[in-house]
Structures are given as structure tokens and as C-alpha cells.
Amino acid sequence: MAVREIVVIEHPVLRRKAKKIVKITAEHRKLIEDMIETMREAPGVGLAAPQLAVGERLIVVEWADEPEHEDDPPKKKKLYVVINPEIVRASEEMVQGTEGCLSVPGWVGDVLRHEAVTVRGLNRHGEKIKIEADGWLARIFQHEIDHLDGVLYIDKLVSKESLRRVEAGTEEAGDLRAEAIG
């Protein structure tokens, strides 16, 4: 496993549609491990292969909802590895939230996303999976899948005025609710 360089906004791979993975190889297994390590080191809650300059349809997401009560212990994070993810259902309800991106360092902005989505794809073993996500987990999946289509969150801002500068490395600050989305 290795931490890889996360490419930033100027890199052309971030604006290309990623290719479907037809066969999971040893290279993909290594890429998955590197993506997980890179996401955690960043730190982030999601990462798409194009952010490591790999134009293939692969994402990793690691997230835990907030505890229901202030005194409750933190919830355990769940790791998702999704090959060829696609959103097969999206709620009509849209919610606005502040997002940041590891490939757009030093900036956050407000984006409308579906409150809930259903994502289908393959797990790291090539088995079909279906994930029902709502809230911030749904937002993370939408953000990462956008990366696979060459779309960045800054393309979906509610207004250009919502884009604001933050100290590089703080895009994921909890008070901003920009949870270091890839």
C-alpha cells in the first residue's frame, strides 16, 4: 500500500469520463488499497480513481453518521469500495450543503444534492452490491460518482458567491460540513 498524489483541478483526467472496469486485476486490488490509504491520509471521506490520475470507474468512501446524542460514543466508520458505481434511484428531495474536495484545495462551496440515493456496482471481489444512502453519505456518493463523469462540485454550485476560500487542508472542517469529500 502507498499514499499516492492527489491530482488537482488543472489535471485533465478530472474532466474526462472514466472508463468502466471490465475485469478486476491485481493492479485494481493495489489501486483500491492505495486509494483507501490516500483517502485516510488526506484526510477525506471519499476518493475517486481519477483523483489519482487513473481514468477508471472506481470509488472508495468511508463514513460514520454523527451519534444521536452528544454523550453517545462515536459511531464506527463503514468503508465502501465500489467498482463501476451508478446511481439507480435518487430522491426528489434536494438538500443544500457545503462541500470541499481534495482536488480543489483551499475552497468550499454550497451544492444541492439529492437527500437519498441508491447506488449499484461491484465490490472489490466483483460481487454485485446495492447501497441505500441518505444524508451526508448520499452526498458523498454523488460527489464521488460525479468525479467519474468529469464533474467537480464547483460545476454544481448554488451560486458563484457560495464559493469561499478556506485554509488549504481545512476543506474537511466539521464546522463547515465539508467533510473532506474526495
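Every read-out reported here was derived from the displayed coordinates using simple, explicitly stated rules and does not represent laboratory data. Nothing here was measured: the structure is a model prediction, and the numbers come from that model. Don't worry about glycine lacking a Cβ; one is built from the backbone with ideal geometry, like all the others, and counts go over all protein chains shown.
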* Relative contact order for the chain: what is it in percent, counting Cα pairs under 8 Å that are at least 6 residues apart? -> 26
* **Helical mean residue ellipticity (222 nm; -39500 (n - 2.57) per DSSP H run of 4+; nearest 500) of the chain** => -5500 deg cm²/dmol
* Using mean Cβ contacts within 10 Å as the protection proxy, how do 1-8, 21-28 order, highest first? -> 1-8, 21-28
* To do: Taking every pair of Cα atoms in the range 1-129, average 1/r, invert it to obtain the Kirkwood radius, and report Rg/Rh to two decimals.
  => 0.97
* Structure fact -> In order over the range 37-42: 3J(HN,Hα) from phi, Karplus 6.51/-1.76/1.60, θ = phi - 60°, whole Hz, x for each Gly or Pro, gives 5, 5, 4, 5, 5, 3
* To do: Take every DSSP beta bridge whose two residues both sit in the chain, then give the antiparallel share in percent to the nearest 5.
  => 95
* To do: Would you list, by chain and number, the aspartates and glutamates whose Cα falls below 19 Å from the Cα of LYS17, excluding same-chain residues fewer than 8 positions away?
  => GLU56, GLU86, GLU144, ASP146, ASP149, ASP155
* **Segment ASP155-MET1, length gained on full extension (0.36 nm per residue, minus Cα span)** => 52.2 nm
* Where does the charge balance sit around ASP72 when Lys and Arg score +1, Asp and Glu -1, over other residues with C-beta under 13 Å from its C-beta? -> -3
